[in-house]
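The values are calculated or read from the model by the stated rules, or taken from the named source; none is laboratory data. In this text, all values refer to a predicted model and were calculated from it rather than measured experimentally. Quick reminder, even Gly has a Cβ in these numbers, built from the backbone with ideal geometry, and neighbours come from all protein chains shown. These accessible areas exclude ligands, DNA and RNA; they are computed on the full protein's heavy atoms, side chains included. Shrake-Rupley method; radii C 1.70, N 1.55, O 1.52, S 1.80 Å.
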Amino acid sequence: AGHTRFATTSKATLDGTHPHQWSPAAVLDVYPGFREGKIGERVPRTVETFVTHNGDFDFFELGGRARDLGHVQNLLELVTSERRPTTVDSCAVAGVCELIRCQGCWPHALRYGFVFGPPRPWGLPDNAPKPWVYERAGAVCAGVFEAHRAAADGDLATLASPAGRASLVTGIAAALLGTEDGKALDDHDGRGLGAVARAAVDGFFDHDLLRSAVMFLGGAKGSFGLCVCNALDAQRQVVLVARGQTISVAAYPDAGLVLYGSEQAAVKAALGVAAPRTPRTNAYAVEHDDSESDFDETASKASSKESNFSVGLGTEEEKASRLDLDDLGGEVCLIDWDGSSPASTACGEVAYETLAVCHGRATLTLFQESLRAGPLRRRLVRLDRNPLIGPLPASCADEVARDLSDLPGVCARLRDDWRTGHGLNRLTAHNLARQLRARLARRAEGKLAPAAVDLVVTGCEVSLWLGEQFAADLAACFPRLAVRCVSANKLLGLWGQDFPIPQTGHALADDCWDLKDALVLIVSHSGGTFGSLAVSNLLQASSDRLFVVTSEWDTQIGKQLRKLDCKMFESRIFVTGAGVRPAEPCSLTVAATHCLLTLILEHITLVIVRSRELREQTGCVLTEASLSELDRCARDNVGALEAITGFTRDGVSRPTETSKELRSTGRRWADHVLEAPRAWALCALYVLVTVAGVGAPCSVAAARVLPESFVAGRVALVLDALVYVFLGEIMTALLRLVQGRTLLHRMGTRSIVVGDVPWVAQSVEAYLSKLFACSYAYASVHVYGANPGDHLVHRMTHRVV
């Protein structure tokens, strides 16, 4: 299990990397047999807990009060007697999960009982028991439990019944009362030991991995894309938690794989993969024949025992499918790959859904915190042979170069798809236009408030800049259409927080925009950007007329919009067809999104221009001639891309004069950028040769020509010293002479200024900056963007030499 530290708000350090654990591994006596329903003899087992966590851990409820992260970390240090391994919040998640996961282990159950048993609104005392106290008291509890276990012949149903628990609580409290360890566990002057014992007994019976994750989610505040595993369960299961962060699980029956990840695209990694068809005898077997029917029947029976609602896909016709956990309402998923016994002993008032996958070899046990995700079967997304889901791109040595070569093909296919109407884009455009006509009709009838917004365009970074241009063009074409564009982060800051954050410097304020039933267009290439995804959930409270422009049909935002109540043919997803693009510098995604937004603009314009009533309502300033000119420019775009990139729409390399000229210019620019490291290399070579080799040239020449002259020797030393002092400038000048470049240009790190309309300048600035993100400072460039029609002269011309 792993997790990167990209885009983190904290310092990236080695101790902050994942996975995390709070306490080191410990060997303790553990009782087995809970899943089988018959408790066996205690055995020594290694106990440790690991987590990987994407998100933020802010608070945890304890003693009826929400405790902040600092309080939780201090509490963990107090009750575990272990110093915090690191200050990052994810490590505290591991510590809390370690406290709760205590099934079958009396020392850990007593620790859980001490922390969560007695009511402590003021918090824990300063002198919590040490680990050896829990171990000694755990041995006492084990002695009491042994008598009960022998009397019940190990039957879990008898031992865990209300009567059995009450008897065990009474026996434990009586055995510990008056002992030193009992006094250490009781900080209520004799009144807290019973509460400790009751909580410890419940933890001992109930707190397996699934129940522990459910309890953590119930008490924690923050965002969690969480994976938890414990050494006691690692041989058969792992648990996933999603709230505020996405988690997806995919099952591949032919390959015998269950994959999980925080990105939907990541779990498509096994598409088209088949495991070697060799006989297997364990739970990882991929063969499925009649001889395994007993196993499938056993797994089915086990699933039905542990769940009030069970869904099975364990058939010969089972196909690869994916389940996206409900990150909005909160959901826990236990993955178990041992069908010989039920996956969990969690019991109580909550119904757990169970899904058998991979022909019954694995089960997914689900707990929904808000019970809003809908029927389980409707949530499954088929992965293989699904025309709406594309595979991951093949591995490539240069993702940026591949994106550039794919530019003409993606844009050409996008236009062809729009023209033929084979895809969903035209259907979505029809739905958008229909919704816009209905909105304008309500405005004409006077049913909208003066501050009502007709269309909101939102996104983040490059997607936002494209959206701003789209909104500006739409507003320029239809002055009376209330179009607004705003960052998804600004919307979240104002309406997505418990305490609204005023958006200083922007027209957006709490009461200035009326977004009730407004059309919303979310622009997000990945379809999973945190701000855009959160807004797709947030704005559903104001409007159900949400649309998204994204790279493919199967994205996180697309999933959220598909959950909305829709009539037939009410498509909400515009797709560029670019698919997953791992390259961080954006080129293809920007061009494809701009192409699709242009097509959407054309469609909206065409609908309005052809209706006199709509033209008057929107104040349309376009004519059909103008629309034809826009369409011609858009058609010529593909040919221009072929000329620029030197690749045809079929992906065939066919250099053009334009592409050759651009590459030649690029090589000249590269000489400027690489001037400093090349000059440094020449300087290093000169120093090595003159110091460790033949000597300084002026001094060597003086010694040979005028060996007896003291003055000549001194002058030569001064000249050599001056050469060393100005060696960098000398080598740079020599490089420029050899390369035929101007000698008097400024020396140092290069700056590139992009002069264009805002969205182009910003996009190219981001593209170049990310291209050089990992370069050394002396081999990098500073990138700036400015609008020639506005502030380019004022911001940048003072830098020209």
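Based on Cα contacts under 8 Å between residues 6+ apart, the chain shows a relative contact order of 8 percent.
Using a probe radius of 1.4 angstrom, the carbon and sulfur fraction of the accessible surface of the chain is 57%. Applying 0.36 nm per residue to the separation of Cys774 and Thr179 and subtracting their alpha-carbon distance, the gain on full extension is 208.0 nm. Annotation for the range 400-424 versus the range 735-790: alpha-carbon center distance of 30 Å. The range 69-153: percent of C-alpha pairs farther apart than 18 Å? Considering the range 69-153, 48 percent of its Cα-Cα pairs are separated by more than 18 Å. With a ≥ b ≥ c taken as the square roots of the eigenvalues of the C-alpha gyration tensor of the range 339-458, please select rounded if a/c is under 1.5 and otherwise prolate if a/b is larger than b/c or oblate if it is not? Because a/c hits 1.5 or more and a/b fails to exceed b/c, the range 339-458 counts as oblate. Shown here is the pair-distance distribution of the range 528-663: with all Cα-Cα distances grouped in 5 Å bins from zero up to the longest one, the shares run 2, 8, 13, 15, 16, 15, 14, 10, 5, 3, 0 percent.
About its Cα centre, the chain has a charge dipole of approximately 2120 debye under the convention of +1 per Lys or Arg Cβ and -1 per Asp or Glu Cβ, with nothing else charged. For the range 506-608, the list of trypsin sites (Lys or Arg not before Pro) that fall in a loop by DSSP and count at most 15 other C-beta atoms within 10 angstrom reads Lys516, Lys567. Under the combined filter of DSSP loop state and at most 16 neighbouring Cβ atoms within 10 Å, the range 69-156 retains these chymotrypsin sites (Phe, Trp or Tyr not before Pro): Trp122.
For q values of 0.12, 0.15, 0.17 Å⁻¹, compute log₁₀ I(q)/I(0) with the Debye formula on a Cα-only model of the range 8-107, without solvent. For the range 8-107 at q = 0.12, 0.15, 0.17 Å⁻¹, log10 I(q)/I(0) is -0.47, -0.68, -0.83.
Placing +1 on the Cβ of every Lys and Arg and -1 on the Cβ of every Asp and Glu, with no other charges, gives the range 514-583 a dipole of roughly 100 debye about its Cα centre. Does the range 93-198 come out rounded, prolate or oblate by the C-alpha gyration tensor, with a ≥ b ≥ c the root eigenvalues, rounded set by a/c under 1.5 and, if not, prolate when a/b is larger than b/c and oblate if not? It comes out prolate by the Cα gyration axes.
The distance between label points at Ser751 and Ser81 comes to 6.2 nm (points 7 Å beyond Cα on the Cα→Cβ vector).
Think of the range 333-456 as having a plus end and a minus end, set by charges on the Cβ of Lys, Arg, Asp and Glu; of Gly390, His422, Tyr352, His422 sits farthest toward the positive end of this dipole.
The residue among Gly113, Trp132, Val96 whose Cα reaches farthest toward the positive pole of the charge dipole of the chain, with charges on the beta-carbon of Lys, Arg, Asp and Glu, is Val96.
Among the listed pairs Lys38/Lys268; Lys563/Lys770; Lys38/Lys183; Lys660/Lys770; Lys221/Lys490, those with a Cα-Cα distance over 29 Å are Lys38/Lys268; Lys563/Lys770; Lys38/Lys183. Within the shell of other residues whose beta carbon sits under 12 angstrom from the beta carbon of Val239, the net charge comes to -1, with Lys and Arg scored +1 and Asp and Glu -1. Against the chain, whose longest principal axis comes from its Cα atoms, helix 293-306 is set at around 80 degrees.
Given R0 = 45 Å, the distance between the Cβ atoms of Glu616 and Leu427 translates into a calculated FRET efficiency of 0.95.
With helices as the sole contributors, the chain gives -14000 deg cm²/dmol at 222 nm; each DSSP H run of n ≥ 4 counts as -39500 (n - 2.57), and the sum is divided by every residue. Taking all protein chains together, Asp233, Asp406, Asp202 sort by accessible area into Asp202, Asp406, Asp233, largest first [probe 1.4 Å].
Per-residue packing, averaged as other Cβ atoms within 10 Å, sorts the ranges 735-743, 532-540, 34-42 into the order 532-540, 34-42, 735-743, beginning with the highest. Met747 exposes around 90 Å² of accessible area when a 1.4 Å probe is run over every protein chain in place.
With a cut-off of 12 Å between beta carbons, the residues surrounding Ser763 carry a summed charge of -3, where Lys and Arg count +1 and Asp and Glu -1. Judged by the gyration tensor of its Cα atoms, with axes a ≥ b ≥ c, the range 443-520 is oblate; a/c meets the 1.5 cut and b/c is at least as large as a/b. What the chain shows is 47 Å² of accessible area per residue, with the surface traced by a 1.4 Å probe over protein heavy atoms. Taking every alpha-carbon pair under 8 Å whose residues sit at least 6 apart, the range 428-531 reaches a relative contact order of 37 percent. Here the relative contact order of the range 88-144, from alpha carbon pairs under 8 Å that lie six or more residues apart, stands at 38 percent.
With log10 I(q)/I(0) by the Debye sum over Cα atoms at q = 0.05, 0.06, 0.07, 0.08 Å⁻¹ in mind, check [x] -0.39, -0.55, -0.71, -0.86; [y] -0.31, -0.45, -0.61, -0.78; [z] -0.42, -0.60, -0.79, -0.97 and report the label derived from this structure. Only one option fits the structure, namely [x].
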